[in-house]
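A quick write-up on the structure given underneath.
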There are 2 protein chains.
Amino acid sequence: MLSTMQDAPLSIAQLLRHGSTVHGGAEVVTWTDAGPQRRSYAEVGRRCAALAHALRGLGVTGDERVATFMWNNAEHLEAYLAVPSMGAVLHTLNIRLFPEQLVHVANHAEDHVIIVDPTLIPLLAPQLPQLTTVKHVIVTGDSTAGLEVPEGVQVHTYEALIADQPTEFDWPEVDERSAAAMCYTSGTTGDPKGVVYSHRSIYLHSMQVCMTEGPGLKQGDRALAVVPQFHAMSWGLPYAAFMIGASLIMPDRFLQPAPLAELIAAERPTFAAAVPTIWLGLHQYLEQKPQDISYMKEVLIGGSAVPPSLMHVFENEHGVSVLHAWGMTETSPLGSVARPPAGSEGDDRWRYRYTQGRFPASVQARLVDDAGEVVPNDGSSIGELEVRGPWITGSYYGVDAPDKFDNGWLRTGDVGSITPDGYLTLTDRTKDIIKSGGEWISSVDLENAVMGHPDVLEAAVIGVPDEKWDERPLVAVVLREGSAATVDSLRDFLSDKVAKWQLPENWTVVSEVPKTSVGKFDKKRLRSQYHDGGLDVTRI
Amino acid sequence: MLSTMQDAPLSIAQLLRHGSTVHGGAEVVTWTDAGPQRRSYAEVGRRCAALAHALRGLGVTGDERVATFMWNNAEHLEAYLAVPSMGAVLHTLNIRLFPEQLVHVANHAEDHVIIVDPTLIPLLAPQLPQLTTVKHVIVTGDSTAGLEVPEGVQVHTYEALIADQPTEFDWPEVDERSAAAMCYTSGTTGDPKGVVYSHRSIYLHSMQVCMTEGPGLKQGDRALAVVPQFHAMSWGLPYAAFMIGASLIMPDRFLQPAPLAELIAAERPTFAAAVPTIWLGLHQYLEQKPQDISYMKEVLIGGSAVPPSLMHVFENEHGVSVLHAWGMTETSPLGSVARPPAGSEGDDRWRYRYTQGRFPASVQARLVDDAGEVVPNDGSSIGELEVRGPWITGSYYGVDAPDKFDNGWLRTGDVGSITPDGYLTLTDRTKDIIKSGGEWISSVDLENAVMGHPDVLEAAVIGVPDEKWDERPLVAVVLREGSAATVDSLRDFLSDKVAKWQLPENWTVVSEVPKTSVGKFDKKRLRSQYHDGGLDVTRI
């Protein structure tokens, strides 16, 4: 039996149309050297139409890829909206990829156009001669100064290109399952792999971002998007903001604690999103230069596990509630969100908030053990997390990766448990878990325990070979300047916090933990440093 | 370019699975003679599986129709979830249809099974001999007492039927665009027409119900669904509640103010939904028997325009915020919701709340004039409202109705204006608007103005023929008992509230305004009463 419902596709053009009219008074604020630059969503709508006309003029047709090599700013938002709406595919290039990775992904995606911020020209220009499919480079702003391009590539400024274009565009009706945008994983193992989002997946994900159980973005919010637009679509905030009528505050390249604090004071965000490192940095800065940030009612943190100590410090010292979430490029990225159940209180409430949270109805989750069997959601059985849903990837663009999928489910590579009422607690990555004498030790649990010490700024734990136990944990700590803590005192501090057999005997004090391009602990590099003898390890 | 996203359908089975596990501790409460009967969502999940097995046992396969002739209760919720999840189609029969309409819709939909509440047997049984496709009648509870059925029809009790069935069911994966449920319009003109909802439309609509700009249903809410499950899917509350983990409070047949007040006191809903008449009745009851209902933070009102006086009285006297919304059976039904823009205050805020509200990104709205031209959203231009979106019907089941559609848009039959920021104000139905001397007079505006008088309980306005002006308004008022108000004093009361040329000269005091099966003013009947000379009209 057929339904009588209209066949109306879910599309980015619909978000663009809605946000630029009904919410035309909302604004995107971009931080610059000279302070904030403001643009209403009505104006963004007109500029999107002009950009689409300009791109058509450059020969962008069908599903050709238009890449961005940009910070978070108004022009990046325009590309987010205009490129998919005209039927082309947005490819957000990660500015922190290694040069050879950048060349690989741009060629693999067959980018036709790249839009680049002037301040990022030095990072992009050296690679341009190897980008074989790029025909046009568009520099945001008014000047292409400093950019030399290979023969056959044309250079434009963004403002000149859109200046005389019509400010309305007849957005085509698309198949909602067609490609809208793509993003490559940061690729800690092997080449980065491409995830291709559809109009449908982005639309549904945007609805979820505005649902009460999700981040709960709402009309009138001022959302500070610190999480980069080149990283997992800035967690979907730009699209969700246009859907619901929340203003966006974009830090551009000003991601250091000092300018971020200044931006926050000036623009008073009510909501913000960033990885833990950013919030740690901000907190440390605010300890030196106190400032009220309590109007920022809730901050969404994901990308790596949030240390409970960070959640408490934001709540108690800054009056800001931390909302812990889990996701990955492959999941659009919103997976689970740690809103505690209504009615939970005190420590109980905190215990829920420490978890990676619950999945919404649209994302099914299960845990699978080493033998490929589904284990129960009983809060203690451990398995690899597998997920399924309309905004979860089912393959990678143009490459086979059968080991990443399990009969239609995405294997996340994360290990943990799920309670009967659906709360996920991740204990580790499959590749980071420490296998000691037949038992598993969670590197993340140890890290959180060590980071609970007041003198510890950062702690990363890896497994290192051990003759007797196969593997044992090694802790790399960064200490607060002038701290008198020693590895012995840190080990004592742990003694009543973790099981005795898990207590690490290998310690090293480092000036910083190596990080990946998106700010996560780079344990692969830490392991190489260990194996190359580059770490000064104390064995207790 | 293909996206790499998983092809995961949006389905009712997914809602059922999610709600009965992750939110297994939520509950549906059904009001009975003996007080509340409680059932957890985990239990509902098991009973849904048993019901699906039982229905398979009765030969329900493919997309066969399983009808309900029921109040709002736990068993109705189970039918809502189990029938579509097993791939069959739920058909909610409106218990207030006239007998010949009931026969028409059950035969037209080809209902195979009807589930009926014992208290509704007297309404259904007389029509059973004419229901040509019905093979099974299932009576909720334990007894079929009082039900005699034609030959060839089998009778079962619900509890016996599901008693020994397995409590798990391997829900089939459905095409999300296939039929899940159907509901016939109440049919004030001609035969009722069927709207067939898809898994996709119901799923997307449920997400919207839980979005911050929508009703904002949230985990832990206790939602009192007064709006019948046989009417526009109870505004989507049963599905949304399962999606988000809100408990449901079902009044069954206890819809009069006294038991409703008792139920509210006992179950402390945090959210509720009903047509204005219900809330008017409750308010009048509470004036006699005061009771705190302020834990019911927000009540959703739609189905017909909400008089501003009702909104103020609930806010000021009961501490309950009224959320005005617009929709219809054809729109699933959630269309617009009157949440004021963030930051609006005082009278400004109220002015937004009086409107029918804003449409979400998923529902496009436009106004079309008599000439078929789209008029601007400028807050003053008037046109017929047309809507488009994934949960808006594009046709009616098995009948042609070309005059109801305009090139892919649904013609709603409602007339009004839309502001540049998207707020809809309906002034009338196309068929109710009063055309006086070439100008339009809104019957609804007049009704609201008259109902602002403290002695007026209800007021309905229709156009009646006039030699000089073609049509002029006639006001039918219901006065508070013992009121000294006269039609002259009422006209005086209006004199500074509406334009002079709109002041009605025709008045009639009635004991009640005739209502449709769903509690709206039945202006068609009022017009016949007028034309048949059944109204005692005073001309001032």
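Please report, in debye to the nearest 20, how large the charge dipole of the stretch A:434-539 is about its Cα centre when each Lys and Arg carries +1 at its beta carbon and each Asp and Glu carries -1 there. Please list the in-between numbers first.
Values: 14 positive and 18 negative charges, 57 e Å.
With Lys and Arg at +1 and Asp and Glu at -1, about 280 debye.
Rounded to the nearest 20 debye, the dipole size of chain A about its Cα centre is 480 debye, using +1 on the Cβ of Lys and Arg and -1 on the Cβ of Asp and Glu.
Exposure check, 1.4 Å probe, all protein chains in place: residue B:140 carries approximately 10 Å² of accessible surface.
As an exercise, take the mean of 1/r over every pair of distinct alpha carbons in the stretch A:12-200, invert it, and state the Kirkwood radius in angstroms. Could you put the intermediate results ahead of the total?
Details: mean 1/r = 0.0596 Å⁻¹.
When all Cα pairs of the stretch A:12-200 are included, the Kirkwood radius is 16.8 Å.
Projecting the Cα positions of B:224, B:266, B:244 onto the charge dipole of the stretch B:194-284 (unit charges on Cβ atoms of Lys, Arg, Asp and Glu, taken about the Cα centre) puts B:244 furthest along the positive direction. Rounded to the nearest 5, the antiparallel percentage of DSSP beta bridges internal to the protein assembly as shown is 60%.
First select every other residue whose beta carbon is under 13 angstrom from the beta carbon of residue B:112; then total the charges, Lys and Arg +1, Asp and Glu -1.
-1
Accessible surface of residue B:353, taken over heavy atoms with a 1.4 Å probe and every protein chain present, rounds to 20 Å². Between this copy and the others, label points of residue A:435 are 8.2 nm apart in ascending order, each placed 7 angstrom from Cα in the Cβ direction.
For the stretch A:434-539, which whole percent of the accessible surface, found with a 1.4 angstrom probe, sits on carbon and sulfur atoms? Result for the stretch A:434-539: 46 percent of the exposed heavy-atom area is carbon or sulfur. The DSSP beta bridges internal to chain A are antiparallel in roughly 55% of cases.
From largest to smallest, the equivalent ellipsoid semi-axes obtained for the protein assembly as shown from the alpha-carbon gyration tensor read 54, 35, 28 Å. P(r) tail, the stretch A:434-539: Cα-Cα pairs separated by more than 22 Å, 25% of all pairs.
Between this copy and the others, label points of residue A:259 are 6.7 nm apart in ascending order, each placed 7 angstrom from Cα in the Cβ direction.
Taking Cα atoms only, the orientation of helix B:99-109 departs from the longest principal axis of chain B by about 50 degrees. Comparing the full protein assembly with the isolated chain, the residues of the stretch B:417-457 losing at least 10 square angstrom of accessible surface (1.4 Å probe) are B:420, B:421, B:422.
So which GluC sites (Glu not before Pro) in the stretch A:76-119 end up in coil per DSSP with only 13 or fewer other C-beta atoms within 10 Å?
Numbers: sites: A:78, A:100, A:110; in loops: A:110.
Listed in order of number, the matching sites amount to none.
Its Kirkwood hydrodynamic radius, worked out from the mean inverse distance over all distinct Cα pairs, puts chain B at 24.3 Å.
Taking the Cβ of residue A:254 as the centre, find all other residues whose Cβ is under 14 Å away and add up their charges (Lys, Arg: +1; Asp, Glu: -1). Working shown, then result.
Details: positive: A:253; negative: A:33, A:117, A:252, A:262, A:267.
Charge balance in the 14 Å sphere: -4.
Contact residues in the stretch A:332-371 (at least 30 Å² less accessible area with all protein chains than alone, 1.4 Å probe): A:342, A:358, A:361, A:362, A:364. Computed about its Cα centre, the charge dipole of the protein assembly as shown is approximately 360 debye, with only Lys, Arg, Asp and Glu carrying charge at their Cβ. Between the stretch A:348-422 and the stretch A:481-513, the C-alpha centres lie 32 angstrom from each other.
At the nearest 100 Å², what buried accessible area, both sides summed, do you get for B and A when the probe is 1.4 Å?
On the way: alone 22410 and 22460 Å², together 39500 Å².
Looking at B and A, the buried total is near 5400 Å².
Could you tell me which of rounded, prolate or oblate describes the stretch A:281-363, using a ≥ b ≥ c as the square roots of the eigenvalues of the alpha-carbon gyration tensor, with rounded for a/c under 1.5 and, failing that, prolate when a/b is larger than b/c and oblate otherwise?
On the way: a/c = 2.34, a/b = 1.48, b/c = 1.59.
Note, shape of the stretch A:281-363 comes out oblate.
Once the 1.4 Å probe is applied to the protein heavy atoms, the protein assembly as shown comes out at 37 Å² accessible per residue.
Quick check: the distance between the Cα centres of the stretch A:217-248 and the stretch A:70-111, to the nearest angstrom? The distance from the Cα centre of the stretch A:217-248 to that of the stretch A:70-111 comes to 17 Å.
A convex hull fitted around the alpha carbon atoms of the stretch A:317-427 yields 120 Å³ per residue. A label point on residue B:500, set 7 Å along the Cα-to-Cβ line, lies at 9.8 nm from each of its counterparts in the other copies, closest listed first.
Would you mind counting up the charge near residue A:162? Only other residues with Cβ under 9 Å from its Cβ, with Lys and Arg at +1 and Asp and Glu at -1.
Values: positive: A:47; negative: A:78, A:159, A:164.
Result for the local shell: -2.
Mind running the shape call on the stretch A:208-351? Use the C-alpha gyration tensor, a ≥ b ≥ c as the square roots of the eigenvalues: rounded below 1.5 for a/c, prolate if a/b tops b/c, oblate otherwise. In terms of gyration-tensor shape, rounded.
For the stretch A:171-278, the Cα-based Rg and Dmax, in that order, read 15.3, 45 Å. Distant-in-sequence amide contacts of residue B:139, defined by a placed amide H-H separation under 5 Å and a gap of 5 or more residues or a different chain, comprise B:116, B:156, B:157, B:158.
Of the residues B:495, A:336, ranked by 1.4 Å probe accessible area with the largest first, the sequence reads B:495, A:336. When nucleic acids and ligands are ignored and a 1.4 Å probe is applied, residue A:503 ends up with an accessible area of around 20 Å².
Counting other C-beta atoms within 10 Å, and keeping those with at most 14, which DSSP coil GluC sites (Glu not before Pro) do you find in the stretch A:466-511? The partial results should precede the final answer.
Working: sites: A:467, A:471, A:481, A:505; in loops: A:467, A:481, A:505.
Those satisfying the criteria are A:467, A:481.
Counting protein heavy atoms only, the stretch B:12-274 has 50 percent of its accessible area on carbon and sulfur, 1.4 angstrom probe. Between the chain alone and the structure with every protein chain in place, find the residues of the stretch B:183-227 that drop at least 50 Å² of accessible area; heavy atoms, 1.4 Å probe. In the stretch B:183-227, residues shielded by partner chains: B:196, B:200, B:207, B:211, B:212, B:219.
Apply the a/c threshold of 1.5 to the C-alpha gyration tensor of the stretch B:145-198 and tell me whether it is rounded, prolate or oblate. Could you put the intermediate results ahead of the total?
On the way: a/c = 3.15, a/b = 1.16, b/c = 2.72.
Judged from the Cα gyration tensor, the stretch B:145-198 comes out oblate (a/c at least 1.5, b/c at or above a/b).
Residues in the stretch B:204-213 carry Karplus couplings, in order, of 4, 4, 4, 4, 4, 4, 9, 8, 4, 7 Hz; the curve used is 6.51 cos²θ - 1.76 cosθ + 1.60 with θ = phi - 60°, and Gly or Pro positions show x.
Once you have the Kirkwood Rh of the stretch A:480-540 from its Cα pairs, apply Stokes-Einstein at 10 °C and 1.306 mPa s and quote D in µm²/s. Intermediate values should be presented prior to the final figure.
Values: Rh = 13.3 Å.
Estimated via Stokes-Einstein, D reaches 119 µm²/s.
Shape index of the stretch B:353-479: Rg/Rh, with Rg the Cα radius of gyration and Rh the Kirkwood radius from the inverse mean 1/r over Cα pairs, equals 1.02.
Report relative contact order for chain B in percent, whole number only (criteria: Cα-Cα under 8 Å, sequence separation at least 6). Walk me through the numbers before you get to the answer.
Working: 1158 pairs, mean separation 55.0, N = 540.
Computed value for chain B: 10 percent relative contact order.
Rounded to two decimals, the Cα radius of gyration of the stretch A:239-305 over 2.2 N^0.38 Å is 1.12.
The values are calculated or read from the model by the stated rules, or taken from the named source; none is laboratory data. None of the values given here were measured: they were computed from a predicted structure. Cβ sites come from the backbone with ideal geometry, for glycine too, and all protein chains shown count toward neighbours. Just the protein is used for accessible areas: all its heavy atoms, side chains included, with ligands, DNA and RNA removed. Shrake-Rupley method; radii C 1.70, N 1.55, O 1.52, S 1.80 Å.
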